[in-house]
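This report refers to the structure that appears directly beneath it.
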Amino acid sequence: MKDDPAKEDFEEADDLGDIDAIDDSLDNEETTPVPSGKTKNLDLILDIPLTVTVELGRSKMLINDLLQLGQGSVIELTKLAGEPLEVLVNQKLVARGEVVVVNEKFGVRLTDIVSPMERVQSLT
């Protein structure tokens, strides 16, 4: 009678070994590519609006100095001329680029896309 609880514990431990064998077999399975029909789910998010900002530089100033600004005033920025611009999506850095002029309008040529690992690190 004393051995019955010990026997039950042993049987439970034996069942756990079976679970480990199942986990190992799942780890060894090859991943199958996602069928192209699954991309239709992507259509659900294509119309979500995002805020895209291109940051040329930043500056801090007193309210008094801000009120003194007029046409032709120059604001000194934290970045130097020729440094890459930062492209932000919803206030998160996603790329860097340089200013270009296309049909008399300013644009940004992307020169560097931030890696997914860098984006994850910027969240912490």
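With θ set to phi - 60° and the Karplus curve 6.51 cos²θ - 1.76 cosθ + 1.60, what are the ³J(HN,Hα) couplings of region 97-105 in order, to the nearest whole Hz, using x for Gly and Pro?
x, 10, 6, 10, 10, 10, 6, 6, 10
Name the residues whose placed amide hydrogens come within less than 5 Å of the amide hydrogen of Leu77, ignoring near sequence neighbours (fewer than 5 apart) on the same chain.
Close amide H contacts, sequence-distant or interchain: none at all.
How large is ³J(HN,Hα) for each residue in region 77-87, as worked out from phi by the Karplus curve 6.51 cos²θ - 1.76 cosθ + 1.60 (θ = phi - 60°), to whole Hz, x for Gly and Pro?
9, 6, 9, 8, 4, x, 6, x, 7, 9, 9
Which distance in nm do the two modelled labels at Leu69 and Thr124 give, with both placed 7 Å along the Cα-to-Cβ direction?
The two pseudo-label positions are separated by 3.7 nm.
None of the figures in this text is laboratory data; all of them are computed from the coordinates on show. This is a predicted model, so every value here is computed, not measured. Here Cβ is always computed from backbone atoms with ideal geometry, including for glycine, and neighbour counts include all displayed protein chains.
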